[in-house]
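Only one structure is covered here, and it is reproduced in the block below.
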Amino acid sequence: MEPCYEIRITQAKKGRGMFSRRFIKAGEEIFLESPMVSVQFAWNETCKYKACQQCLRSMETAEQMYRRLTNKPHFTLPKSNLCEVTPDRHVCCPDCGAPYCCRECYEEATALHHKVLCTGKDGKDHPTSHLIETWKTMHYPPETFNIMLAARLIATVKQKSDPLERKEFVDKLSTFCRSLTNDENNIIHKLLGNQFQHQIEVLREILKESFYEESIKEWFEPDGFKSLLALIGTNGQGIGTSSFSVWATNCEKKIADENLHKELSDLIDELYDDLNNIAGPEFLDCEGSGLYLLQSACNHSCVPNAQVTFPHNNHILSLKAVKDIEPDQEIFISYLDECDRTRSRHSRHRLLRENYLFICNCPLCVSQAYDPDFTSDDDDDDDDDDCMDHN
Ligand SMILES: [Zn+2]
Ligand SMILES: [Zn+2]
Ligand SMILES: [Zn+2]
């Protein structure tokens, strides 16, 4: 089937944009995409979220996930046959114990990057462990910026024995926006703030010492390394996977009996309330980040007509229309999460400028530009609002 979108050169931030080639109905899937590389957040792994180290699939059953997050070890989830987690297919790397949801994922990881990154049986002294431990002592916003994405990219290049394949992979990366400064607006990326200079050098040293690769030698030099970090910082897409939400969706979709359906719906609302109240809304999913070529062509709007989701409990991204999109219209996503999107124009602009290096001219920002209610320079205090993410 012909894709319903195309990528065109635009005047916007990245010089690229995605446009519809036909009418797209609200709710329709625009495309599915696998990442070039993805990785679970280090803190998420430390907090015992068991995710496949290749596809980020949540490996706990819906019941196990609910029990752990709410601290109710004896809770029994009804309709457990609607949970799609299959523990009998799970495997571990025989050397380092890294968990994978299936043999195929283990083999894929080994073929792509795990040979270089595997910490082996006594992993503490391995450079990968050193890198992760060093990383955990540093706190870079935004969280989608993740040094392990850089390590996986380097390892992927290192493991390719065919020079042509290697070149193709590196060339693809150059499609992403990777400048740290936006010349037009003269904005310096937050990552280059003085307080981070030393930490960036520490990370570069570890990578250079242990994972050096001649064909990408510029990545290990100070400027090339910052540019690599910029690529990850401005293009890293957050990924959230949850076996619990797959179970809940299946209950909604697959139960035909009306009474049972209603009963389960009410229960699911209750369970989500529990999860929100006990674990907190930001702790519901296995979380990580990835680099997606197609998705990175979508520009930002504070009133987007499309949304990124992860409906299959893995890192496969689905872009869905949230409004009807007419032929030839640009397809926009929001780089801000739902909570940040409700902030004032001033706060939104600051977040977008610092993390994504552009000034937003979306219809909402334009309409608020001359409204004194939205333009005040000293409304940053709304940043401390306790914002709850209900989804
Ligand atoms: Zn997997
Ligand atoms: Zn291993
Ligand atoms: Zn805007």
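What follows is calculated from the coordinates using simple rules that are stated; it is not laboratory data. Everything quoted here is computed from the prediction, not taken from an experiment. Glycine gets a Cβ as well: all are built from the backbone with ideal geometry, and neighbour counts include every protein chain shown.
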Report, ordered by chain and residue number, the lysines lying within cross-link reach of LYS254, taken as a straight Cα distance under 17 Å and ignoring same-chain residues fewer than 8 apart. LYS79, LYS262
Which whole-Hz ³J(HN,Hα) couplings does the range 257-267 yield from phi under the Karplus relation 6.51 cos²θ - 1.76 cosθ + 1.60, θ = phi - 60°, glycine and proline marked x? 4, 5, 5, 4, 4, 5, 4, 5, 4, 5, 4
Sequence order, the range 222-236: Karplus ³J(HN,Hα) from phi using 6.51 cos²θ - 1.76 cosθ + 1.60, θ = phi - 60°, Hz rounded, Gly and Pro as x, gives x, 5, x, 5, 4, 5, 5, 5, 5, 4, 5, x, 8, 10, x
Hey, if you put +1 on the Cβ of every Lys and Arg and -1 on every Asp and Glu Cβ in the range 221-291, which of ILE239, THR249, LEU284 ends up farthest toward the positive end of that dipole? ILE239
Amide proton proximity set for THR61, modelled H, under 5 Å, gap of 5+: none
Residues with amide H under 5 Å of TYR5's amide H, sequence separation 5 or more or different chain, H placed in the peptide plane at 1.01 Å from N; which? ARG21
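Is there a pair in LYS124/LYS208; LYS190/LYS217; LYS50/LYS121; LYS50/LYS167 whose C-alpha atoms are over 22 Å apart, and which pairs would that be?
Correct reply: LYS190/LYS217; LYS50/LYS167.
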Amide H contacts of VAL322 (H built 1.01 Å from N, under 5 Å, at least 5 apart or other chain): GLY27, ALA306, GLN307
Once the in-chain neighbours fewer than 8 apart are removed, the lysines whose Cα is under 24 Å from LYS323 read LYS13, LYS14, LYS25, LYS253
In the range 10-40, whose amide N lies under 18 Å from the spot 7 Å out along Cα-to-Cβ of GLU165? List them in ranges. 35-38
Could you compute the longest span of the chain free of trypsin sites (Lys or Arg not before Pro) located in DSSP loops and having at most 14 other Cβ atoms within 10 Å, not counting the site residues? 122-391
Report the Cα centroid-to-centroid distance between the range 35-88 and the range 238-307 in angstrom, as an integer. 13
Expected vector for the range 316-321, Karplus 3J(HN,Hα) from phi with 6.51, -1.76, 1.60 and θ = phi - 60°, integer Hz, x for Gly and Pro, equals 6, 8, 10, 9, 10, 6
Viscosity 1.567 mPa s, temperature 4 °C: Stokes-Einstein D of the range 22-335 from its Kirkwood Cα radius, in µm² per second? 61
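For the chain, what does the helix formula give at 222 nm: sum of -39500 (n - 2.57) over DSSP H segments with n ≥ 4, over the residue count, nearest 500 deg cm²/dmol?
-10500 deg cm²/dmol
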